[in-house]
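Derivation of every value follows stated rules applied to the coordinates shown; laboratory data play no part. Predicted, not measured: the structure shown is a model, and the values here were computed from it. Cβ placement follows ideal geometry from the backbone for every residue including glycine, while neighbour counts extend to all protein chains displayed.
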Amino acid sequence: MAGTTENAPVTVTVTGAAGQIGYALLFRIASGDMLGPDTPVRLRLLEIPQAVKAAEGTAMELADCAFPTLESVDIFDDARKAFDGVGVALLVGARPRGPGMERGDLLEANGGIFGPQGEAINAGAASDVRVLVVGNPANTNALIAASHAPDVPADRFTAMTRLDHNRALSQLATKTGMPVSAIRRMTIWGNHSATQYPDVFQATIGGRPAPEVLDQHWVEHTFIPTVARRGAAIIEARGASSAASAANAAIDHVRTWVHGTPEGDWTSAAIVSDGSYGVPEGLVSSYPVVSREGRWEIVQGLELNEFSRARIDASIAELVDERDAVRDLGLL
Ligand code: NAD
Ligand code: LMR
């Protein structure tokens, strides 16, 4: 593993490293897809003890790729050690749902993982740490982690809705015959769950307002449910939850956070609410966001019609319920 690159190395900790998303993610981080070809990466993999051996196998394969950007790989079953010095924390490790389950069914099982990991990040992370929670229920797990890291600014904790965003772009491209790159200002609001609201009212397709291009009946009855239920459709088809597309979205999220959004466009990320758009302060909700100088900013001043408002409110109500449930379980 050699270092022929220019920037200071960044420590990237990946939890659930031996899982299926971990396997799709690690090679792309190591190859420079996430932080760029000039930034050496020090990988720290966190797993439960039973899965450490499998993580060691993945580390052998990482070595065999001889990536110039990969400086080191270390494996841990102790969160405090794994997050020591972390600059980018990807919290993937959690149990995925199976066929017929809703993400809410995972609240208790997975919620318990994220408090101790938040504490470990609080104890050892770099001052500019960026945290992305992928493990479900991702928004509420991020809330739990953030609440256990009082010394880390809340805006450093995020949850992933970039996969939903990418799914929406792809559905719109297929429907209109336009390239994905012609679609801008798509937004996912709310929770990474079936209540999420994929909002096309602010979007443009080939420079035209999306509502002029799309039939509202299709948007309401086909597009929104297809995007919101895509995770379940993948589980039904593969017999396992999405992995490569989830890993790809995690790479996209961190790359945009670090390197910024293109002019004239925005993306979607679940971040800690400052109260914008009527989302209660402190909830981790998906918003339209840009990244400027390494920080997410919520796109302000959008006018929401009644249709959008009702759907955003429904997803926020679910996030409030999840927050109350984990509070009752003593996880906050
Ligand atoms: P997986 O079962 O293949 O892998 C999970 C890994 O996490 C396992 O190797 C397990 O040993 C490990 N793990 C469990 N508890 C841990 C802990 N306390 N510390 C460290 N590692 C731990 O699952 P997967 O398919 O890789 O999915 C992981 C999570 O990502 C699931 O919760 C899934 O629902 C979620 N997911 C989220 C999105 C999203 O868009 N936000 C998309 C896809 C999947
Ligand atoms: C997804 O959206 O693919 C993941 O969150 C997995 C799931 O449970 O839907």
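Within the shell of other residues whose beta carbon sits under 13 angstrom from the beta carbon of GLY36, the net charge comes to -1, with Lys and Arg scored +1 and Asp and Glu -1.
Most exposed first by the Cβ proxy, i.e. fewest other Cβ within 10 Å, how do HIS253, HIS217, HIS192 rank?
Details: HIS253 28, HIS217 9, HIS192 31.
The most exposed by this proxy come first: HIS217, HIS253, HIS192.
For the chain, the longest principal axis of the C-alpha atoms and the axis of helix 107-124 are separated by about 60°.
Counting Lys and Arg as +1 and Asp and Glu as -1 over every other residue whose Cβ lies under 14 Å from the Cβ of ALA55, the net charge comes to -3. Which residues make up the longest stretch of the chain that has no GluC sites (Glu not before Pro) in a DSSP loop with at most 12 other Cβ atoms within 10 Å? Here the longest segment lacking exposed loop sites spans 7-262. Relative contact order, whole percent, for the range 162-323 stands at 26, derived from Cα pairs under 8 Å and 6 or more residues apart.
For the chain, the relative contact order is 17 percent, taking Cα pairs closer than 8 Å that sit 6 or more residues apart in sequence and dividing their mean separation by the residue count. With coordinates expressed along the principal axes, the C-alpha atoms belonging to the range 10-159 extend over 40, 37, 25 Å, beginning with the largest. For the range 245-258, the Karplus equation 6.51 cos²θ - 1.76 cosθ + 1.60, evaluated at θ = phi - 60°, returns couplings of 6, 5, 4, 4, 5, 5, 4, 4, 4, 5, 4, 5, 4, 7 Hz by residue, with Gly and Pro reported as x.
All other residues with a Cβ under 11 Å from the Cβ of ALA82 taken together, and with Lys, Arg as +1 and Asp, Glu as -1, what is their net charge?
Working: positive: ARG44, ARG80, LYS81; negative: GLU47, ASP74, ASP77, ASP78, ASP84.
Value of the local net charge: -2.
Loop-located chymotrypsin sites (Phe, Trp or Tyr not before Pro) in the range 241-327 (DSSP state other than H, G, I, E, B) with a sparse environment of at most 15 neighbouring Cβ atoms within 10 Å are absent.
Looking at the range 186-332, the pairs of alpha carbons with a distance over 24 Å make up 38% of the total.
Taking Cα atoms only, the orientation of helix 306-328 departs from the longest principal axis of the chain by about 40 degrees. For the chain, the 222 nm mean residue ellipticity estimated from helices alone, with every DSSP H stretch of n ≥ 4 adding -39500 (n - 2.57) and the total spread over all residues, rounds to -12000 deg cm²/dmol.
On a 0 to 90 degree scale, rounded to 10, what angle separates helix 52-65 from the longest Cα axis of the chain? The answer is roughly 90 degrees.
Computed from the Kirkwood radius of its Cα pairs, the Stokes-Einstein diffusion coefficient for the chain at 4 °C and 1.567 mPa s stands at 65 µm²/s.
So in the chain, what percent of DSSP beta bridges are antiparallel if you round to the nearest 5?
Numbers: 20 of 43 bridges.
Counting DSSP beta bridges with both partners in the chain, the antiparallel share is about 45 percent.
Relative contact order of the range 238-326, taken over Cα pairs closer than 8 Å and 6 or more residues apart, is 23 percent. Between LEU329 and GLU6, residue separation times 0.36 nm minus the direct Cα-Cα distance comes to 111.6 nm. Among THR256, THR140, THR11, THR158, a tally of other beta-carbon atoms within 10 Å of each Cβ gives an order, fewest to most, of THR256, THR11, THR158, THR140.
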